[in-house]
């Protein structure tokens, strides 16, 4: 120690002998005298070296004599495998294939409207009738009856070799022509009776009773809430993991309702504009709360691992080479003292703030959690009990 002080004293004396006058560093620099500046620099270097030597000696002495160990305080958790379900969340809209406007298929006066808005109807139930003008049908049926009688008479005569074949064929042709005309008119007149194509609810009546309608005139809207589905678009990167039957959670935030269901149809066409494909998700609707055009979230389970290691993203760091790593506590003592070492990891999918680790950790490893970004390789730490 005495030697150190002698070095400092000698430096000061030498500086004084060299013309120094104990000026401050700022004063020496301000003087612009190169020789004085160099001399001052040597003086400061000698003082710095001497103080560094003393500081090192003091630290060693404290280390030997002080029994209190000031380790970095950290927390750790034990790695264990668990079931990991990864989900993707998409936006969708509720639709139904049984939501149609019934148009008139026959022209005439709307003779009867037999239902009202909000009424439940059954498939095949008569909803309205259009005036069919039945006199034309009666006339055609009379002509058909006469043609049938003539044909049957000519047939009997022909079978008895009476009359000519041409008379028989003409009677047959006339009868078949009249029969076809009656059948066609009956088919057209059947369209004057409007029936429900499926069971549902009359949502809106668009034409009033007594009004004249033409083919294509909207009469009423009928909606069924039994065959509901969500249509959504899925980015093409998920094409390999999504198929018919994939499990889905349908979430309806507006009505605070979630339903476990599955994908019932996957489109074979990728939209080139947004690189996505469409899916249909069946939606059970027993209580009738789900309506067409209701917004929905489609939560799809696209990946499952039964033995996955999941860790918080906050414990993962990245080195200069772009490799991700975590710190693992080793040589753990009963007192909680441990040594930390870096472990390079390979990550998989992310769900929320958790990341799946594919390589780099094993069951039972103690991974540093709180304090993970303040420790260094090989550092001793104190693990706090939780």
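Give the shape of the chain as rounded, prolate or oblate, defined through the alpha-carbon gyration tensor: a ≥ b ≥ c are the square roots of its eigenvalues, a/c under 1.5 means rounded, and otherwise the shape is prolate if a/b is larger than b/c and oblate if not. All intermediate terms of the calculation are to be shown ahead of the outcome.
Values: a/c = 4.78, a/b = 3.89, b/c = 1.23.
Since a/c reaches 1.5 and a/b is larger than b/c, the shape of the chain is classed as prolate.
Mind checking the angle between helix 34-65 and the chain's longest principal axis? C-alpha axes, 0 to 90 degrees, to the nearest 10.
Helix 34-65 sits at roughly 80 degrees to that axis.
For region 309-333 and region 218-253, what is the centre-to-centre distance using only Cα atoms, to the nearest Å?
One Cα centre to the other: 41 Å.
Would you mind calculating the relative contact order of the chain from Cα pairs under 8 angstrom and at least 6 residues apart, reporting the percent as a whole number? Write down the numbers at each step before the final one.
On the way: 701 pairs, mean separation 88.2, N = 386.
Relative contact order for the chain comes out at 23 percent.
In Å, what is the Rg of the alpha-carbon atoms in region 125-235, and how long is Dmax?
23.7, 81
Let me check I have the definition right: for region 248-386, take the eigenvalues of the Cα gyration tensor, multiply each by 5, take square roots. What are those semi-axes in whole Å, largest first? Walk me through the numbers on the way to the answer.
Working: eigenvalues 401, 72, 32 Å².
Equivalent ellipsoid of region 248-386: 45, 19, 13 Å, largest first.
Between residue 56 and residue 155, what length comes free when the chain is fully extended (0.36 nm per residue of separation minus the Cα-Cα distance, one decimal in nm)? Don't jump to the answer; show the numbers that get you there.
Details: separation 99, 0.36 × 99 = 35.64 nm, distance 13.31 nm.
Result for the pair: 22.3 nm of gain on full extension.
Rule-of-thumb check for region 177-225: C-alpha Rg over 2.2 N^0.38 Å?
Details: Rg = 14.5 Å, N = 49, 2.2 N^0.38 = 9.7 Å.
For region 177-225, the normalised Cα radius of gyration is 1.50.
In terms of the Cα gyration tensor, with a ≥ b ≥ c the square roots of its eigenvalues, is region 193-320 rounded because a/c is under 1.5, prolate because a/b exceeds b/c, or oblate?
Numbers: a/c = 3.19, a/b = 2.43, b/c = 1.31.
It comes out prolate by the Cα gyration axes.
Pick out which of 270, 300, 37 has the largest mean-square fluctuation in a Gaussian network model of the chain, springs linking Cα atoms closer than 10 Å.
37
With axes computed from alpha carbons, what is the tilt in degrees of helix 165-190 against the longest principal axis of the chain, rounded to the nearest 10 within 0 to 90?
Once rounded, one gets 50 degrees.
Between 163, 282, 371, which gets the highest mean-square fluctuation from a Gaussian network model of the chain, Cα cutoff 10 Å?
Result for the chain, Cα springs under 10 Å: 163 fluctuates most.
Find how many whole Å separate the alpha carbon centroid of region 83-97 from the alpha carbon centroid of region 144-165.
Spelled out, the Cα-based centre of one part sits 71 Å from the other.
Any chance you could check the Cα centroid distance between region 364-385 and region 272-304 for me, in angstrom?
One Cα centre to the other: 44 Å.
Can you work out D for region 133-191 in µm² s⁻¹ from Stokes-Einstein, where Rh is the Kirkwood radius over C-alpha pairs, the temperature is 10 °C and the viscosity is 1.306 mPa s?
Rounded, D is 131 µm²/s.
Which of the three applies to region 333-386, rounded, prolate or oblate, going by the alpha-carbon gyration tensor with a ≥ b ≥ c and a/c under 1.5 meaning rounded? Please report the intermediate quantities before stating the final value.
Details: a/c = 2.03, a/b = 1.83, b/c = 1.11.
Cα axes put region 333-386 in the prolate bin.
Between residue 289 and residue 317, what length comes free when the chain is fully extended (0.36 nm per residue of separation minus the Cα-Cα distance, one decimal in nm)? Present the calculation step by step, with values, prior to reporting the outcome.
Working: separation 28, 0.36 × 28 = 10.08 nm, distance 4.76 nm.
Using 0.36 nm per residue and subtracting the Cα-Cα distance, I get 5.3 nm.
Contour minus end-to-end for residue 271 and residue 25, with contour as 0.36 nm per residue of separation and end-to-end as the Cα-Cα distance? Numbers along the way, then the final one.
Details: separation 246, 0.36 × 246 = 88.56 nm, distance 7.38 nm.
Stretched out fully, the residue 271 to residue 25 stretch lengthens by 81.2 nm.
With springs only between Cα atoms under 10 Å, which of 350, 193, 53 fluctuates most in a Gaussian network model of the chain?
53
Quick note: the coordinates plus some simple rules give every number you see, no bench work behind them. Fair warning: this is a prediction, and the values are worked out from it, not measured in the lab.
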